[in-house]
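Presented below is the structure to which this report refers.
The values are calculated or read from the model by the stated rules, or taken from the named source; none is laboratory data. Keep in mind the model is a prediction, meaning the values are calculated, not measured. Cβ atoms come from the backbone with ideal geometry, glycine included; neighbour counts cover every protein chain shown. These area figures cover heavy atoms from the full protein model, side chains too; ligands, DNA and RNA do not enter into them. Shrake-Rupley method; radii C 1.70, N 1.55, O 1.52, S 1.80 Å.
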Amino acid sequence: MDKAGATIGSVKDHIEGKANSAAGNPWVERLARLGYAVRGLLYIIIGILAVQVALGRGGATTDKGGAIAAIATQPFGKFLLVLVVVGLIGYSLWGFIRAILDPLNRGADAKGIAQRIGYAISGLSYGALVIPTVSFILGSGGGSQGGGASQDITARLMGAPFGPWLVGIIGLIGIGGGLGQIWQAYTAGFKKDFKSQEMSAEEMRWAVRVGRSGMAARGVVFAMLGFFVLQAALHVDPKQAKGLDGALQTLARQPYGPWLLGVVALGLASFGVYSVLSARWIKITRG
């Protein structure tokens, strides 16, 4: 038994060493930090455009694909999109590293597995934005985005064996992920991932403030997206699935819609600021 325990411990130490080695690679760290900055830029754009809608000053509800399209129309847009592509690749890679190698030591209990599944989904979703962004750089547009893309994916999944059940499970995961982010906002549990020893007290206070408002708003939106997917499964109707833009439009149509949309939009912009701060201060390895 002692020998078996020693072997298991040796394997665990080996895996942890590999995880830290991968996360500690200078290029992986640079790509991950650029990824956080790009994620922040996209959410800031989404939030600002939605705030304009809430104020009745134009703008549009959009998703990350729409934010990329907005960047493409700016001066030096193609140059900026090259940086966005690199950041998307970096953040996607970082999602898979966190999910598989667990450099942040989330563990293998129920909570840790849920977080690591979320990292894998993040890796897939940001990786899926690379090709549309390259298409914008090449001048051929970005393809299907937003609710249309969500409905297309949902329809394909429903065509698979046990498809409605699979879609329903995905919807429940989305709702759970949204509620988890709201809990993170309440507890400020995300601050443990900051390199607090390198931050002043004021910097930490601001990081927690924008992180809390951002996590809460993102949690609301994610829970809504999960609910839409669950409804699509229950009614076997892919058209009930919506993207981020559809969720924001749904908020705008509710009683006091402009107020609801404005609050959530400001929260999403705050999440963008939190992501930019994460590019500087987030931990990439244990410690």
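Of all residues in the stretch 196-220, which are surrounded by fewer than 23 Cβ atoms within 10 Å (Cβ to Cβ) and within 18 Å of TRP259 (Cβ to Cβ)?
Within the stretch 196-220, SER213, ALA216, VAL220 qualify.
Which one is nearest to ALA223 (Cα to Cα), of the residues in the stretch 161-175 that are open to solvent by less than 40 Å² (accessible area, probe 1.4 Å) and of a type outside the set (Val, Ile, Thr)?
GLY174
So, TYR119, is that one open to solvent by 30 Å² or more (accessible area, probe 1.4 Å), in a helix (DSSP H, G or I) and at pLDDT 90 or above or not?
Working: open to solvent by 30 Å² or more (accessible area, probe 1.4 Å): yes; in a helix (DSSP H, G or I): yes; at pLDDT 90 or above: yes.
Taking the combined requirement at face value, the residue satisfies it.
Do you know which of the residues in the stretch 46-76 that are out of contact with any helix residue (DSSP H, G or I) (no Cβ under 6 Å at 6 or more places or on another chain) and surrounded by fewer than 17 Cβ atoms within 10 Å (Cβ to Cβ) is nearest to GLY214 (Cα to Cα)?
Per the criteria, the residue is GLN52.
Here's a check for you: in the stretch 164-200, which residue that is aromatic (Phe, Trp, Tyr) and closer than 21 Å to ALA120 by Cβ is modelled with the highest pLDDT?
TRP183
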